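Working notes, beginning with the structure itself.
What follows draws every value from the coordinates through simple rules; no lab data is involved. Bear in mind the structure is a predicted one, so any value in this text is a computation, not a measurement. Ideal geometry is used to build each Cβ from the backbone, glycine not excepted, and the neighbour counts take in all protein chains shown.
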Amino acid sequence: MDLLRTRTGGAYIPPAKLKMMQEQIQDKQGEQYQRMNWERLKKKIHGLVNKVNTGNLVQIVRSLLQENVIRGKGLLVRSIMQAQAFSPVFSHVYAAFVAVINSKFPHIGELLLRRLIVQFKRSFRRNDKGTTVTVSKFIAHLINQKVAHEVLALEIMILMLETPTDDSVEVSIAFLKECGAKLSEVSPRALDTIFTRLRGILQDGDASNLDKRVQYMIEVVMAIRKDKFKVW
């Protein structure tokens, strides 16, 4: 029982055994029972999120609704962020999953976005390119799913292109490739602003500080936009 007091939850306890241990406790309001209940909720949410794929989104959400997701919203958000960070190639799947949850519990979508923005800013300041790319990819797909407002895309691009470096421009272009089509649909003027800045980087003195490869990437994303992001 005391294993549950450790910060990480201690040794692994199978769900069936955990449930049996809970049933043996008489005081359902006591600290021991509540700790076990929290541990069971954490394992359940984590297990469900790890099963998410394109074919079972609705079923997983239904299973989640049988749990106390209001109490466990922090657990849910953390599990989603961990799953996406582990498999960024499935960012679009996790974003669709969040969109379904957000339609029922908007405050959970809001909490996720707040944490992602904090993580994005922190990784960007630390020049942690890998994390910045992964987090921005998730945010881009949340914009595609209308969980996040398109203004956020503009704010992210302004931040990254304010003082352009090879890494910041590269991350910006990766971000644009993910949500550029959506931006052209819902906020063409914001997209114009972004591409005006990119064009300015090439034409002004900023480009001299950039690697030729990165300059070429700007030209490529301009061509992709001209083709209305069809390849993306």
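Taking the 0 to 90 degree range and rounding to the nearest ten, how far is the long axis of helix 91-104 tilted relative to the main principal axis of the chain, both from C-alpha atoms?
The angle comes out near 60 degrees.
Please count, across segment 84-158, the pairs of lysine residues with Cα atoms under 22 Å apart that sit 8 or more places apart or on different chains.
6
So which aspartates and glutamates pass the test for LYS228, namely a Cα distance under 12 Å, with those fewer than 8 places away in the same chain ruled out?
Once the sequence-local aspartates and glutamates are set aside, what remains near LYS228 is GLU185.
Mind checking the dipole of the chain: about its Cα centre, +1 per Lys or Arg Cβ, -1 per Asp or Glu Cβ, Debye to the nearest 20?
Working: 36 positive and 22 negative charges, 167 e Å.
My answer is approximately 800 debye.
Highest mean first, how do 93-100, 160-167 rank when packing is the count of other Cβ atoms within 10 Å averaged over residues?
Details: 93-100: 21.1, 160-167: 16.0.
In decreasing order of mean packing, 93-100, 160-167 become 93-100, 160-167.
Of the listed values (i) 14.5; (ii) 16.3; (iii) 12.5, grab the one calculated as mean projected area of the Cα convex hull in nm² from the structure here.
(i)
For the pair ALA223 and LYS104, what calculated FRET efficiency results from E = 1/(1 + (r/R0)^6), where r is the Cβ-Cβ distance and R0 = 35 Å, to the nearest 0.05? Present the calculation step by step, with values, prior to reporting the outcome.
Details: r = 41 Å, r/R0 = 1.16.
FRET efficiency, LYS104 to ALA223: 0.30.
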